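Novice: Quick one: this structure, given as C-alpha cells, is what I'll be asking you about.
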Ligand code: DUC
Ligand code: ZN
Ligand code: ZN
C-alpha cells in the first residue's frame, strides 16, 4: 500500500496512455499514485464499477473573456466559461491573451492573467495572440513571456488582424529561438474579401451567405502557405480548426514532406453541415463561425484524418456571443452576415458529443477519444502533469456513465450564451463526476467548484516536434 492515500476510485475501466486497465486509481495530495492493482486503507473510496475512468478533458482552443476581431467582448467570464467546461468534463483549458492595438504584450498577458486568476475554476494557460508587431520592445517582450512559460502564440492570416507574410516569418523565427508553438488561423484574406464584396454587392447578406463568403479555397491556400513557412523556418505550427477535406489533404502532404505541422478540428465541423445556417430570418446567426461548417463529405474526410493521425486533436473553439444586442445582433436588428460576430459555444458539449460518437457508437473507441481530447492536447502544448491518468500526474479525472442518455435542451449549458447550438441532439455517455487535482468539482450534475482553486499551468520549453518531422 502507498502511504497516505486520500481517495481510491475502484473497479473502473481506466483509460491510460498504455491502454485500458481494469482496476483501482489511488490519489494522494491531488496526484495519481497508483494504478490498476487493488489498494487498501484509503481515507475515501468511490466505486466506478461499470463506468469509464478517463482523464479530464484538455481543451486547447477557447475564447474566454476576450475582445473579438470586431471589437466586441464575448459573453463569458472566466467563471462562467470554466464552470461550463467542468460540467462537460473538461479540467484544463488554453484560452487567449489577445493583444489590443498598440498594447505591450506584457500588459496583455497581465490583464488576462488577472481576470483568469480571479474567476477560473479549472486549470488554464494562454496562447498569446499577436496582432501588432510594431509596438516598441515587441521582440524582447515576446521572448521574455515565452521564457516565463507562455509557450504558444496565435496569429491570423485574416479577420482584420492578419499579419503579413514577412511578419509571420519574423514571428516563426522568434518562436523558434525562444521555444514556442505557433498556432495559426489560416484562411486567405484576399479570397474572403473578394467573395464578401461580391455577395454584398449582389445583396446576398443572410447568415447562409456567410458560408459562401469563406470559400474552401481560402482555407486550402492559407494552410498550404503556412505549412511551407513552417518547413522553411523549421518552426512547429498548429493549424487551427481545419474544416475541409482539401485542408486535411494539405496537412497530410506537408507532414509527408517532413514539415513540422500539427492540426486540429472541432465538433461543429464533424457533426454539422452548412445547412445549420439555413434558418428563418437571422436564426442561423447562432451557428455562424469561421471557417464555416461544410459538407458531409468534409465530415468524413476529417474523421479519416483524425483516425489516421493527420489531425492530432479536437478542440471546441468556444467563442460565445449571445443572440442579442450584446452579441450576434450588436449591429442592430437586421445585420448582414459581415456585421455578425463569429463563433458558437462548445466548451461544455465537446466531450459528451465525442464520447457519444467515439465510445458509444464506436468511431475510434475509448482510447482514440482520450487521445484526441486529453492526451494529445496536453502533450503537444506541453502541459506537464495534465491529460493522462498515470502515476505522478495530476488527478484530473472524469468518471463517465456510459449508459446515461441526455437530449440537449434550448438553454441548459452553464456558459453565459443563452442558447445551445446542440439543442435536440441526443448523446449517450455522461460525465458523472469530474475531479480537478483530486477534488470533486462536479457530481451528478451539481457544480461544486469555486474560484481560487485553479492554477495557471507553467509550460517548459517545447520538447516535441510533430510526427513525421525529420530532426
Ligand atoms: N472563428 C474563429 O476563428 N475564432 C472564434 C470564432 C470563430 O468563428
Ligand atoms: Zn480561428
Ligand atoms: Zn478560435
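The numbers here are math on the coordinates, done by the rules we state, and not lab data. Only a predicted model underlies this, so the values are computations on that prediction, with no experimental measurement involved. A quick note on method: Cβ atoms are made from the backbone with ideal geometry, for glycine too, and the neighbour counts reach across all protein chains shown.
Novice: So how do 246, 443 line up by other beta-carbon neighbours within 10 Å, fewest first?
Specialist: Ascending number of Cβ neighbours within 10 Å: 443, 246.
Novice: Let me ask something additional. Using all C-alpha to C-alpha distances in segment 57-359, build P(r) with 10 Å bins and read off the rounded percent in each one.
Specialist: Final binned percentages: 6, 28, 38, 24, 4, 0.
Novice: Report the relative contact order of segment 200-299, percent, no decimals, based on alpha-carbon pairs under 8 angstrom and at least 6 residues apart.
Specialist: 35 percent
Novice: Then there is this: For 412, 298, 396, 141, which order do you get if you count the other beta carbons within 10 Å of each Cβ and list the fewest first?
Specialist: On the way: 412 13, 298 23, 396 30, 141 18.
By the 10 Å Cβ count, ascending: 412, 141, 298, 396.
Novice: Please report the spacing between the Cα centers of segment 285-358 and segment 216-255 in Å, no decimals.
Specialist: After rounding, the separation between the Cα centres reads 19 Å.
Novice: Same structure, new question: With n ≥ 4 as the cut-off for DSSP H runs, can you work out [θ] at 222 nm for the chain, using -39500 (n - 2.57) per run divided by the number of residues, rounded to the nearest 500?
Specialist: Values: 13 runs with 132 residues, N = 471.
So the helix-based figure for the chain works out to -8500 deg cm²/dmol.
Novice: Taking only Cα atoms, what is the 0 to 90° angle, nearest 10, from helix 245-257's long axis to the longest principal axis of the chain?
Specialist: On a 0 to 90 degree scale, this one is about 70.
Novice: Kindly express, to the nearest 10 degrees and within the range 0 to 90, the angle between helix 78-87's C-alpha long axis and the longest C-alpha principal axis of the chain.
Specialist: Rounded to the nearest ten degrees, it is 50.
Novice: Can you list the equivalent-ellipsoid semi-axes of segment 220-338, largest first and in whole Å, using the square root of 5 times each Cα gyration tensor eigenvalue?
Specialist: Equivalent ellipsoid of segment 220-338: 31, 16, 11 Å, largest first.
Novice: Could you state the angle between the C-alpha long axis of helix 216-233 and the longest principal axis of the C-alpha atoms of the chain, as a value from 0 to 90 degrees rounded to the nearest 10?
Specialist: The answer is roughly 70 degrees.
Novice: For a quick protection proxy, order the peptides 215-226, 18-29 by their average other-Cβ count within 10 Å, most packed first.
Specialist: Listed from highest to lowest mean packing, they are 215-226, 18-29.
Novice: With a cut-off of 8 Å between alpha carbons and a minimum separation of six or more residues, what is the relative contact order of the chain in percent?
Specialist: About 22 percent, as a whole number.
Novice: Order of 373, 407, 157 from fewest to most other C-beta atoms within 10 Å?
Specialist: 407, 157, 373
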